[in-house]
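All remarks here apply to the structure that follows.
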Amino acid sequence: MTVDRLLGALVAGFGVVLLFVLIPAHVQARPGEPVDPSLFPRIAAWMLMLLGGLQMVFPGGGTTVPPPRDIGRLALAVAMLVAAALVLRVIGFIPTAILLMGTTVLLIHERRPLWAVLSVLAVPVLVWALFELVLQRPLP
Amino acid sequence: MLPDPSLITNGLVEAFTLSNLLFILAGVAIGQIVGATPGLSIIMALAIAIPLTFGFDTLTAIAFLISVNKGGTIGGAVPSILINVPGTPESAATALDGHPMAKKGRPLKAMKYALYYSVTGDFLSDVVLILVAAPLAVVALKMGPIEITALMILAFTVISGLVGESLLKGLTAAALGFLCASIGLDPGTATPRFTFGMLELYDGLELTALSIGTLAMSEILYNIVGARKGKPSAAPIRVSGGTRSDRTVTFREYLANRYVALRAFVLGTSIGAIPGLGSTTAGFLSYSVTKQAARDPEAFGTGDPRGIAASETANSAVVGANLIPLLTLGIPGNIAAALLVSAFMIHGVQPGPLLFEEQGNLIYGMFGAMLIANLCNLAVGQVGMRFWAMIVSAPASVVFSGAMLLCFTGSYVIAGGVFGIYVMIGSAVLGYLMRAFGLSIVAFIVAFILTPELEGAIVSSRLITGDDPWAILSHPIALALLALSVVSIIYLGPWRRTPGAQEDPEKT
């Protein structure tokens with residue numbers, strides 16, 4: 001099975017779950033309303049089922065799944081961002097930004113001290129100054 | 001009816017304030033710098049810049065963002081010419097003759113050719129926008145909900161078919177956009193949809209945070225994930241040195257390619273006015289047409305100024321024309337226009353044909369700002385080109401970490417809390433996966449933006465027709481638009497594939 005066929009199956013499957021599970025559970029019309037609020041989500045669900053099915057019949061080819069190493073690095077980068085969002089209000093903007101930049105520099109494999117220090121220390125201060133001082137937007 | 005002439009002059013005068021001029025100057029400078037930095041796209045810059053405009057008045061915000069976009073088309077030519085790596089996708093065709101000219105010892109001359117023809121294409125395209133937008137908006141205002149529904153169906157089939165890998169994947173991305181846009185309170189009945197009991201979701205997903213995630217952060221993640229140890233950066237060609245004629249472009253040299261530039265402008269403007277097609281298509285198409293029409297096609301690719309004129313005039317002519325569908329029909333034709341919608345909405349303005357009636361001052365002020373931005377682009381480029389050349393080899397660590405922190409902070413500011421950051425992160429992962437599997441981000445964002453209007457139009461159409469499908473027979477315009485949708489599905493259908501489309505970030 002090609003990646004495009006698998007993608008089509010996943011899309012169609014999501015459409016089925018959406019139509020029969022998610023919409024009935026999370027979009028409830030109140031009695032007597034002239035317009036059904038689930039109309040548009042149902043249109044989207046039917047589109048996903050139909051298009052996913054067609055994708056299985058007409059696979060494009062050439063699409064590849066990202067290698068596990070890339071998926072791992074993506075998960076690491078996302079975990080780093082989520083962690084930064086979680087601690088933002090606790091430790092404040094500049095410490096959070098320094099930690100975020102530090103891990104980003106490690107992920108990018110920057111080993112030159114000048115550029116690494118610039119990214120980890122100067123970038124957070126400059127971004128803080130831009131929002132706090134220039135744009136007058138308060139940061140935690 | 002066309003707007004009162006005094007409205008036009010008042011609007012144009014409003015653009016000429018000191019603060020607007022300063023923000024336009026800052027915008028084109030930022031756009032040129034970002035465009036000159038390989039790895040950073042103008043779309044990324046626009047998405048990041050939107051939260052910065054939160055406290056600006058509407059005209060200043062729009063003028064600033066348009067200036068960033070205009071500056072970016074020029075800045076993108078710098079790395080194309082100096083290191084043969086396009087700073088922005090639309091400058092890829094410029095490298096074909098720009099880089100050979102630079103290798104011959106005339107890098108500054110190549111950059112100035114790019115600057116002059118880019119400003120020419122951009123300026124002429126703006127003039128077309130100013131002349132045609134208001135009359136087309138008058139026509140658009142005559143359409144009812146049935147015609148609007150049909151028009152949007154046509155827009156989705158055309159955009160989904162032209163961007164990304166295939167019509168099927170484009171429409172799948174659009175369906176995901178519909179679904180994400182239906183999160184929150186239903187506009188008709190205020191019934192919660194997919195809110196999962198979270199109060200933050202009652203207003204729906206924040207458009208700017210979503211745009212920053214799918215367009216900017218997903219690209220940053222893509223670059224960070226793909227970073228490898230010891231990957232060398234390209235060494236740029238030095239811009240200093242050479243004779244005076246190697247560093248300047250005379251008026252005579254500029255005029256020598258006037259017919260090439262004129263044809264490129266017509267091509268670029270026509271392509272820009274069609275939703276879904278963008279600057280990259282215009283640049284390559286114009287280059288190819290110019291080469292085929294030349295008596296000496298073998299000269300192209302060796303540093304011929306006609307190649308630069310063809311590419312730069314056409315890709316810049318798209319910038320103004322891209323706003324025609326947005327201002328006349330309310331349909332963003334490309335990502336830059338979609339991001340402008342986001343900026344308009346932050347300031348409580350709904351783009352579309354009614355703008356000319358309800359916000360005449362703003363629209364004509366915006367037109368004035370676009371013309372000023374062209375002059376600023378020329379002035380800033382004239383002085384700054386040699387300095388932007390130094391940015392070409394900026395290290396990825398500073399570029400991507402800085403961009404990432406701007407996305408993170410911008411999402412916090414624009415959503416007024418940490419929830420905006422979570423929306424941005426979720427959208428970034430979605431954007432990364434869509435990019436990896438060839439689903440068009442353009443179709444997704446356009447669908448997300450247009451869903452409220454489409455949903456309203458469908459509900460109104462059902463009420464008008466009493467759910468009688470045959471009632472459409474008494475709406476010939478809607479019928480014609482639906483027939484065009486069917487034609488576009490047949491023409492762009494699942495059997496048609498566009499190999500390599502996923503390599504063009506503007507199209508995905």
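Observations, loosely collected:
- Subset of the range B:136-146 [outside any loop (DSSP other than H, G, I, E, B) and within 19 Å of B:Q350 (Cα to Cα)]: B:L136, B:A137, B:V138, B:V139, B:A140, B:L141, B:P145
- Restricting attention to the range A:84-119, the residues that are farther than 20 Å from B:V225 by Cβ and either within 24 Å of the chain's Cα centre (by Cα) or surrounded by fewer than 20 Cβ atoms within 10 Å (Cβ to Cβ) (or both) add up to 17.
- Hits in the range A:113-127 (condition: within 7 Å of chain B (Cβ to nearest Cβ) and either farther than 23 Å from A:L88 by Cβ or in contact with a strand residue (DSSP E or B) (Cβ under 9 Å, 6 or more places away or on another chain) (or both)): A:W115
- Note on the range B:46-110: enclosed helices (runs of 4 or more DSSP H) holding 2 or more residues that are out of contact with any Asp or Glu (no Cβ under 8 Å at 6 or more places or on another chain) and surrounded by fewer than 24 Cβ atoms within 10 Å (Cβ to Cβ) are B:58-75, B:92-103.
- Residue that is farthest from B:F437 (Cα to Cα) [pool: residues in the range A:52-76 that are crowded, with 17+ Cβ neighbours inside 10 Å, out of contact with any Pro (no Cβ under 9 Å at 6 or more places or on another chain) and facing another protein chain (nearest Cβ under 8 Å)]: A:R73
- Helices (runs of 4 or more DSSP H) wholly inside the range B:162-227 containing at least 3 residues that are out of contact with any strand residue (DSSP E or B) (no Cβ under 9 Å at 6 or more places or on another chain) and within 7 Å of chain A (Cβ to nearest Cβ): B:167-181, B:218-226
- When B:E312, B:E298 are screened for being in a helix (DSSP H, G or I) and modelled with pLDDT of 90 or more, only B:E312 passes.
- Residue list for the range B:55-81, restricted to those being at pLDDT below 85 and under 20 Å from B:A95 (Cα atoms): B:T73, B:G76, B:P79, B:S80
- Out of B:P351, B:P332, sole residue that is free of Cβ contacts under 8 Å to residues at least 40 places away in the same chain and not in a helix (DSSP H, G or I): B:P351
- When every residue of the range B:71-80 is checked against the conditions, at least one turns out to be touching a His at 6+ places or on another chain (Cβ under 9 Å) and farther than 22 Å from B:G320 by Cα.
- Test: residue in the range B:367-389 that is surrounded by 20 or more Cβ atoms within 10 Å (Cβ to Cβ), at pLDDT below 80 and outside any helix (DSSP H, G or I): no
- Scanning the range B:438-454 for residues that are of a type in the set (A, V, I, L, M), within 9 Å of B:I159 (Cβ to Cβ) and under 15 Å from the mean Cα position of the chain (by Cα) turns up B:V442, B:A443, B:V446.
- Considering the range A:21-45, the residues that are within 25 Å of the chain's Cα centre (by Cα) and more than 9 Å from chain B (Cβ to nearest Cβ) include one that is surrounded by the most Cβ atoms within 10 Å (Cβ to Cβ), namely A:R42.
- Residue count, the range B:459-481 (criterion: surrounded by 19 or more Cβ atoms within 10 Å (Cβ to Cβ), at pLDDT 85 or above and not polar (S, T, N, Q)): 3
The values are calculated or read from the model by the stated rules, or taken from the named source; none is laboratory data. Just so it is clear, the structure is predicted and the values come from calculations on it, not from any experiment. Positions of Cβ are generated from backbone atoms using ideal geometry, with glycine treated the same way; all protein chains shown enter the neighbour counts.
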